[in-house]
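To start, the structure under review is shown below, and the notes come after it.
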Amino acid sequence: MAAAAVQAALEAVRAFPGRAGFYWQDLASGEEAEFRGAEPFEAASVIKLPVLVELFRQLEAGEAREEEPFTIREEEKLPSCGALNYLHTGVTVSLMDLGVLMVILSDNTATNLLIRRLGMERIQAAMTALGMETSALRRLLFDSEAAGRGIKNTIAPREMGRLLAGLYRGEIVSPEASRRMLGILGDQRLNGKIPFWLDGKVKCAHKTGEDRNITHDVGIVYAPRPFVLCVCGDPVKAPALNALMGEITRDLVLEQGVEL
C-alpha cells in the first residue's frame with residue numbers, strides 16, 4: 001500500500017487545474033502509483049533523456065567516440081536553454097560535452113546536434129526497444145515547419161519513470177552506462193521543481209522540461225528509501241505546478257523521517 005504522502009500527491013495532481021500527470025515508484029519494492037501515467041504529454045526537454053540513452057548505447061557499441069569534436073557554427077545555435085548559443089562561434093566541444101550540456105543545462109543547440117549525429121530514427125528505435133509506446137521523438141527542437149503541421153515530441157510519465165528505474169537498477173545499456181547517465185542527471189543545474197526543498201540534503205538525479213503552458217520534471221530522489229517521481233503538466237499554469245512538484249517531493253521525503 002502506497003504511503004500517505006503518495007496518496008496525498010495523487011489527490012493534489014488530480015485536483016490541479018489544467019492537465020497534470022503523476023508517476024511514482026518505490027525503488028526498493030517496485031510499487032507504483034500513477035495518474036494519467038500512460039497518457040501523452042508534449043515532451044519539451046524531457047525528450048533529451050532518451051537522446052542521452054542512445055548516445056551511451058552508440059558509445060558502448062563503438063559507433064561513436066566521446067572525444068569526437070564538434071565546432072559550433074552560428075546557424076546551429078538555438079535559443080535558451082543552454083550555454084553554447086552564448087559562446088563564440090567556432091568553439092569546439094566533444095560529443096560527450098554535448099551530452100552533458102544537453103542534460104545539466106538543457107542545452108538546445110547541443111540537443112539538435114546530437115539528434116542529427118545519432119539519428120532520429122535510431123533514437124526512436126531505442127525508445128521502442130525499451131517498451132515505450134507513447135513517448136516519441138518525431139522532430140528536432142525549434143522545427144517550426146514540423147510544429148506548424150502539428151508534429152510533436154511526446155512523453156508519458158510512466159514510461160519516463162520506468163526508464164529512470166531501469167537506470168537505477170543498471171539495466172539501461174549496461175550497469176556502467178546507467179551509472180554514468182545517473183551521474184550526469186545528478187549534476188542537473190535546473191533545480192527549481194522536484195528538488196526545490198531538498199536543499200542539498202537529499203540527492204536528486206532528474207531532467208526538467210518546459211515550454212509555454214508546459215512544465216515537467218522526472219527524476220530519482222535518493223531518500224533513505226529511494227523513489228522515482230515524474231510530474232508532467234500540459235497545459236497548466238507552470239509556476240503553480242512547479243511549486244506543487246517541490247511540495248510533493250518534500251512531503252515524500254519528510255514522511256521517511258528526513259529533516260529538511
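The values are calculated or read from the model by the stated rules, or taken from the named source; none is laboratory data. Nothing here was measured: the structure is a model prediction, and the numbers come from that model. Note: ideal-geometry Cβ built from the backbone for every residue, glycine included; neighbour counts use all protein chains shown. All accessible areas refer to the heavy atoms of the entire protein, side chains included, with ligands and DNA or RNA removed. Shrake-Rupley method; radii C 1.70, N 1.55, O 1.52, S 1.80 Å.
Among the conditions (1) open to solvent by 10 Å² or more (accessible area, probe 1.4 Å); (2) part of a helix (DSSP H, G or I); (3) within 15 Å of residue 25 (Cα to Cα), residue 249 misses just one, which is (1). Taken as a whole, the condition of being closer than 14 Å to residue 24 by Cα, of a type in the set (Lys, Arg) and assigned to a loop (DSSP other than H, G, I, E, B) applies to residue 225. Answer yes or no as to whether residue 128 is out of contact with any His (no Cβ under 9 Å at 6 or more places or on another chain) and farther than 22 Å from residue 188 by Cα. Considered against the rule, which asks whether it is out of contact with any His (no Cβ under 9 Å at 6 or more places or on another chain) and farther than 22 Å from residue 188 by Cα, residue 128 comes out as yes.
Restricting attention to the stretch 25-41, the residues being touching a Leu at 6+ places or on another chain (Cβ under 9 Å) and under 25 Å from residue 212 (Cα atoms) number 2. Within the stretch 38-49, residues that are touching a residue at least 60 places away in the same chain (Cβ under 8 Å) and within 13 Å of residue 233 (Cα to Cα) have Cβ atoms under 8 Å from residues that are buried (at least 24 other Cβ atoms within 10 Å of the Cβ) and acidic (Asp, Glu) in these pairs: 41/234; 42/234, counting only partners at least 6 apart in sequence or on another chain. When the stretch 85-104 is filtered for residues that are in a helix (DSSP H, G or I) and either open to solvent by less than 20 Å² (accessible area, probe 1.4 Å) or of a type outside the set (A, V, I, L, M) (or both), the ones remaining, listed by number, are 85, 86, 95, 97, 98, 99, 102, 103. Just for the stretch 105-136: of the residues that are in contact with a helix residue (DSSP H, G or I) (Cβ under 8 Å, 6 or more places away or on another chain) and open to solvent by 30 Å² or more (accessible area, probe 1.4 Å), which one is farthest from residue 162 (Cα to Cα)? Checking each candidate, the answer is 117. Selection within the stretch 32-45: residues that are open to solvent by less than 20 Å² (accessible area, probe 1.4 Å) and in contact with an Asp or Glu (Cβ under 8 Å, 6 or more places away or on another chain). The member of this set that is nearest to residue 119 (Cα to Cα) is 45.
Name the one entry in 160, 181 that is touching a Cys at 6+ places or on another chain (Cβ under 8 Å) and open to solvent by less than 60 Å² (accessible area, probe 1.4 Å).
Numbers: 181 fails: touching a Cys at 6+ places or on another chain (Cβ under 8 Å).
Only one candidate qualifies: 160.
Highlighted here are the strands (runs of 3 or more DSSP E) found entirely within the stretch 1-84 that include at least 1 residues which are farther than 30 Å from residue 97 by Cβ and modelled with pLDDT of 95 or more: 20-26, 32-35. If you filter the stretch 137-154 down to residues that are open to solvent by 40 Å² or more (accessible area, probe 1.4 Å) and part of a helix (DSSP H, G or I), you find that the one that is farthest from residue 86 (Cα to Cα) is 148. Looking across the stretch 183-217, the residues that are in a strand (DSSP E or B) and touching a Pro at 6+ places or on another chain (Cβ under 9 Å) come down to 204, 206, 214, 215, 216, 217. Pairing residues of the stretch 94-105 that are at pLDDT 95 or above with residues that are open to solvent by 30 Å² or more (accessible area, probe 1.4 Å) and of a type in the set (A, V, I, L, M), at Cβ distances under 6 Å and at least 6 apart in sequence or on separate chains, gives no pairs at all.
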